[in-house]
Ligand code: NAP
Ligand code: HSE
C-alpha cells in the first residue's frame with residue numbers, strides 16, 4: 001500500500017479491473033415480495049425451488065422469495081410460516097424487497113397495492129388482467145412517474161409470451177387483426193364436453209380442481225376474462241383505449257351437448273374465440289363461441305391451451321400457441337418478467353392507449369350455425385326455413401334431432417349479415433313455434 005492507502009495494483013488499474021471482473025461475474029438479486037400465494041403464487045415458489053440455480057446460471061439473476069401476503073391464516077402453505085404475512089405494508093416497507101409480484105386477483109385491494117408498491121420504489125409484476133383492463137392507463141402512468149417497471153406477461157395467455165411478442169418481437173409491424181382463444185377454462189370445458197362427453201358442470205368442476213378457473217368462474221364462462229385479455233392486447237397493440245362496454249361478449253353457458261355433437265357431424269368444433277380487427281379508423285372487438293372448421297389453425301387448440309393468430313404488415317400471419325392457464329405455465333410467465341426487470345431495470349413496455357378510434361362491435365358477415373328448440377309439430381321446419389328465406393338467409397345444412405316429439409332443429413347458413421340473423425330469429429321466436437330460446441353461433445372461416 002502507498003500512504004494514500006492505494007495498493008500497487010490500483011495504481012496500475014488492476015484493482016478496478018479485478019473488482020469489475022468480480023461484479024461482471026456476480027449475479028443480480030431479485031428479492032421478491034408476493035401478494036398472494038394461491039395457484040400462481042405457489043407455482044412461482046415451486047419454480048424458484050426447482051429451477052433457481054439454473055435460472056441464475058442462465059440469466060445472472062439470483063432469486064429470493066422474501067415473504068408472501070395471504071388472506072386467510074391457517075391454510076397449508078408452500079413457504080415457511082414466518083415468511084407468510086397478513087400485513088401488506090410489511091412488504092411495501094421492506095427495503096430488502098425489489099420486486100412485488102401481485103398474484104392475488106380482483107380489482108381492490110389489488111389496484112391499491114400495485115400503486116402503493118410503485119410509490120414505495122418497487123417494480124411490480126402482475127398476472128391480473130381484470131385490474132389492467134379497468135385501470136391499466138393509471139397504473140402505467142404511476143410506473144412512469146415513479147420510474148419503476150410493470151411486468152404483465154402472465155396477464156394474457158398464461159405461459160405464451162404474447163406480451164413480449166407483441167411489444168417487442170413484432171414491434172416493426174402494424175397489426176390489423178388478432179384472433180385467438182384467450183380463456184383456458186372455457187376451452188377446457190368445451191374440450192371435455194366434446195372428447196369425454198362430460199356435462200358443463202362436471203367439466204367446470206375439473207377446470208377448478210386443476211387451478212385453471214378464476215376465483216369466480218363466471219368470469220371464465222361468460223367471456224369476461226377473455227374480454228379483459230382482449231382489452232389488454234388491444235390497448236397494447238392498437239394503443240387505443242377500450243372498455244368492457246365497447247365489446248360484444250357472449251359466454252359458453254348456452255352451448256349444449258347437442259351443439260357440440262352436431263357441429264362435429266358438420267365438420268366443426270366449437271371454440272371460445274376473441275377477435276380484435278381494425279377496420280379503417282374503427283376497431284371491432286368481440287368475444288364469443290364460434291364454430292371453427294377442423295382444418296382451421298384454432299381447430300386443434302384444445303384443453304387449457306390458448307392460441308393467438310396475429311397479422312402483422314411485415315411478418316404476415318403468426319401463430320402463438322401454448323398453455324393459457326394453470327399454476328406452472330402462468331408462473332413461468334411471471335418469472336420471465338421478474339428476470340427481465342432484474343436484468344434490465346429501465347426497459348419498459350409502452351402502454352399508451354391514446355389513439356382515438358371508434359371501438360365497438362361492427363356489423364359483420366359470416367356463416368351461422370342456428371339451433372331452434374321445438375316440440376314436433378307438422379310444418380314447423382318449413383316455417384323456420386320460410387322465415388330465414390324471407391330474410392335472404394340460405395341454408396347449407398339442416399338436421400332435426402327429436403326424441404319423444406321434442407328436440408332441436410339445427411341449421412348451417414351461407415354467409416349472411418348479423419342483422420338479418422337477429423331479425424329472423426326475433427320473428428321466429430315471436431311466432432311462438434319454439435319450445436325455448438334459439439341459439440346462433442358464428443362460423444369462423
Ligand atoms: P388464487 O388461487 O385464488 O390465489 C389468490 C391468492 O391471493 C391467495 O393466496 C389468497 O389468499 C390471496 N388473496 C386474495 N385476496 C387477498 C386479499 N384481499 N389480501 C391478501 N391476500 C389475498 O388465484 P390464482 O389462480 O393464483 O390467480 C391469481 C391472479 O393470477 C389472478 O389475477 C388471476 O386472474 C391471474 N391468473 C391466474 C391464472 C391461473 O391459471 N390460475 C393464469 C393467469 C393469470 P388465501 O390463500 O389466504 O386465500
Ligand atoms: N381463468 C383463466 C383462464 C386463467 O382460464 O384462462 C388464465 O388467465
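All of the numbers you see were taken from the coordinates with simple rules; none came from a lab. Note that the coordinates shown come from a computational prediction; the quantities given were computed from them, not determined experimentally. FYI the Cβ positions are ideal-geometry reconstructions off the backbone, even for glycines, and counts take in every protein chain you see.
Run the simple label-point estimate for residue 417 and residue 313 please: 7 Å along Cα→C-beta, distance reported in nm.
Each label point is offset 7 Å from its Cα along the Cβ direction, giving 2.9 nm.
Of the listed peptides 225-232, 423-430, 157-164, what is their order by residue-averaged count of other C-beta atoms within 10 Å, with the highest listed first? Walk me through the numbers on the way to the answer.
Details: 225-232: 27.4, 423-430: 16.4, 157-164: 24.6.
Listed from highest to lowest mean packing, they are 225-232, 157-164, 423-430.
What is the spread of the Cα atoms of the chain along each of their three principal axes, largest first, in whole Å?
Principal-axis extents of the Cα atoms in the chain, largest first: 110, 51, 35 Å.
I need 399, 283 ordered by Cβ neighbour count within 10 Å, fewest first. Could you put the intermediate results ahead of the total?
Working: 399 14, 283 23.
Final ranking by Cβ density, sparse to dense: 399, 283.
For region 227-347, what size does the Cα cloud have along each of its three principal axes, sorted from largest down, in whole Å?
53, 39, 30
Taking only Cα atoms, what is the 0 to 90° angle, nearest 10, from helix 14-25's long axis to the longest principal axis of the chain?
20
At 222 nm, what helix-only mean residue ellipticity would the chain give, in deg cm²/dmol to the nearest 500, using -39500 (n - 2.57) for each DSSP H run of four or more? Walk me through the intermediate numbers first.
Values: 14 runs with 160 residues, N = 445.
It comes out at -11000 deg cm²/dmol, rounded to the nearest 500.
Report the residues of region 83-125 in range of a label on residue 64: point 7 Å along Cα→C-beta, backbone N strictly under 11 Å from it.
96-98
Relative to the longest principal axis of the C-alpha atoms of the chain, give the angle of the C-alpha long axis of helix 257-266, reported between 0 and 90° and rounded to the nearest 10°.
Its long axis makes an angle of about 80 degrees.
Once the Cβ-Cβ distance between residue 383 and residue 208 is put in as r, and R0 is 45 Å, what FRET efficiency do you end up with, to the nearest 0.05? Before the final figure, lay out the partial values.
Details: r = 43 Å, r/R0 = 0.95.
E between residue 383 and residue 208, to the nearest 0.05, is 0.60.
Between 0 and 90 degrees, rounded to the nearest ten: what's the tilt of helix 327-343 against the longest Cα principal axis of the chain?
40
Per 10 Å bin from zero, what fraction in whole % of the C-alpha pairs of region 150-287 is there, up to the bin with the longest pair?
11, 39, 32, 16, 2
Using only the alpha-carbon atoms of region 365-443, report the extent along each of the three principal axes, biggest first, to the nearest angstrom.
Sorted from largest, the Cα extents of region 365-443 read 36, 22, 18 Å.
With contacts defined as alpha carbon pairs under 8 Å and 6 or more residues apart, what's the relative contact order of the chain in percent? Mind dumping the intermediate values first?
Numbers: 887 pairs, mean separation 72.1, N = 445.
Normalised by residue count, the contact order of the chain is 16 percent.
Compare 33, 379, 112 in a GNM of the chain, Cα atoms joined below 10 Å, and give the one with the largest fluctuation.
Maximum fluctuation in the GNM of the chain, among the listed residues, is at 379.
Using only the Cα atoms of region 278-420, build the gyration tensor, take square roots of its eigenvalues as a ≥ b ≥ c, and label the shape rounded, prolate or oblate: rounded if a/c is under 1.5, else prolate if a/b is larger than b/c, else oblate. Intermediate results must be reported in sequence, preceding the final value.
Numbers: a/c = 3.32, a/b = 2.00, b/c = 1.66.
Since a/c reaches 1.5 and a/b is larger than b/c, the shape of region 278-420 is classed as prolate.
What Kirkwood hydrodynamic radius do you get for region 8-151 when you take the inverse of the mean 1/r over all pairs of distinct Cα atoms, in Å? Show your work: numbers first, answer last.
Working: mean 1/r = 0.0601 Å⁻¹.
Mean inverse Cα-Cα distance, inverted, gives 16.6 Å.
Take each of the peptides 333-343, 74-84, average the number of other beta-carbon atoms within 10 Å over its residues, and list them starting from the highest.
Going from most to least packed, we get 333-343, 74-84.
Fewest Cβ neighbours within 10 Å first, please rank 146, 234, 243 accordingly. It would help to have the intermediate numbers written out before the result.
Numbers: 146 18, 234 25, 243 12.
In order of increasing Cβ crowding within 10 Å: 243, 146, 234.
Roughly how far apart, in whole Å, are the Cα centres of region 187-220 and region 36-51?
Taking the Cα centre of each part, region 187-220 and region 36-51 sit 23 Å apart.
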